[in-house]
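The values are calculated or read from the model by the stated rules, or taken from the named source; none is laboratory data. All figures in this text were calculated on a predicted structure; none of them were measured in a lab. Virtual Cβ from ideal backbone geometry, glycine too; neighbours counted across all protein chains shown. Side chains are part of the model used for accessible areas, which takes the heavy atoms of the whole protein and leaves out ligands, DNA and RNA. Shrake-Rupley method; radii C 1.70, N 1.55, O 1.52, S 1.80 Å.
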Amino acid sequence: MSTLPVNEYVTQHHSLDIPFVHEMAKITQCMWKSGWDERNGGNVSCILDEQEVAAYIDIQDVKRTLQPAFPVHELAGRYFIVTGSGKYFKNVLDDPAGNLGVLRVSADGEQLEVLWGLENGAVPTSELPAHFMSHIERLRVDPQHRVVIHNHATHTLAMTFVHDLDERAFTRTLWEMCTECVVVFPDGIGIIPWMVPGSSQIGRATADKMREHRAVIWPQHGIFGTGGCIDEAFGLIETIEKAAQIYMLIAHLPIRQKITQQELIDLAQAFGVTPRAGILEL
Ligand code: 13P
Ligand code: ZN
């Protein structure tokens, strides 16, 4: 933690010295290198604690206010770091303040207060409705929830062209692809119909699925993953994407052996997780 007054901290240090900025820069770079965030594809939002923000940023100094698509009373007073709309993940490391922003939802939930970043008139991701609604739903079921990540994971997206979009069937196939899957996402995958991105409607549909799942697939578009920290949300997406990659490698080949339903049940038992009901049939 800094011993300098907060205003001086930001002017005297590179913004990558701020731990939550550094973490965002690292994860966006990693996703871009994975090929899951072409151009401005993908967006990330993390809930931050007031003390963690106040250690590096003057929280009294509101740079400007923005109007959210809808009032977010449930998140009033919460702090977030978010990616900017139209920003390339490739560029975040070189210019964190131009591509990321720290926001506070105003005390009445009606406005967004920009406290840092989003320089040169940048605005938060166009998927903010989906992020905010997902944060609200995940916090209801998990008080430790903090992070929403959206990206265009290649094989997950590819799989939505060739696999049945029934979420139970899709989940079962993913669980069958790698031994660790049922342990990492026993809650299974939610899938919504194809919808126009950036809208409040797709946000609502995504968040409704988030009541029961930590990951939601947007057919022919990408995936949303959530968790208590960036590692958890990203690890969830990575695991789903790996399973989808295996599926795309084998789906057209004759299958000689696979993990059986009984083996998946044994695995879940051994790791102390309860697979979502109605997926494994014996
Ligand atoms: P933004 O650049 O507004 O975050 O949009 C990217 C995206 O992936 C939309 O779904
Ligand atoms: Zn997208």
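A compact table of results
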quantity	calculated
THR83 vs. criteria within 16 Å of ligand 2 (Cβ to nearest atom) and among the β-branched types (Val, Ile, Thr)	yes
Residue that is farthest from LEU16 (Cα to Cα), among those in the range 114-124 that are among the small types (Gly, Ala, Ser) and open to solvent by less than 40 Å² (accessible area, probe 1.4 Å)	ALA122
Failed item in (1) surrounded by fewer than 23 Cβ atoms within 10 Å (Cβ to Cβ); (2) of a type outside the set (A, V, I, L, M, F, W, C); (3) touching an Asp or Glu at 6+ places or on another chain (Cβ under 8 Å); (4) not in a helix (DSSP H, G or I), with HIS155 passing the rest	(4)
Where ILE57 falls short, out of the listed (1) open to solvent by less than 40 Å² (accessible area, probe 1.4 Å); (2) within 16 Å of ligand 2 (Cβ to nearest atom)	(2)
In the range 93-113, the residues that are crowded, with 22+ Cβ neighbours inside 10 Å and in a strand (DSSP E or B)	LEU100, GLY101, VAL102, LEU103, ARG104, VAL105, LEU112
So THR239, is it open to solvent by less than 60 Å² (accessible area, probe 1.4 Å), within 16 Å of ligand 1 (Cβ to nearest atom), among the hydroxyl-bearing types (Ser, Thr, Tyr) and not in a loop (DSSP other than H, G, I, E, B)	no
Residue that is farther than 22 Å from GLY278 by Cα and more than 16 Å from ligand 1 (Cβ to nearest atom), where the choices are VAL184, VAL162	VAL162
Residue within the range 124-143 that is within 13 Å of the chain's Cα centre (by Cα), among the polar types (S, T, N, Q), assigned to a strand (DSSP E or B) and within 13 Å of ligand 1 (Cβ to nearest atom) present	no
Given (1) within 16 Å of ligand 2 (Cβ to nearest atom); (2) on the phi < 0 side of the Ramachandran plot; (3) basic (Lys, Arg), number of the condition LYS33 does not satisfy	(1)
Residues within the range 67-92 that are in a loop (DSSP other than H, G, I, E, B), among the aliphatic types (A, V, I, L, M) and touching a Gly at 6+ places or on another chain (Cβ under 7 Å), tallied	2
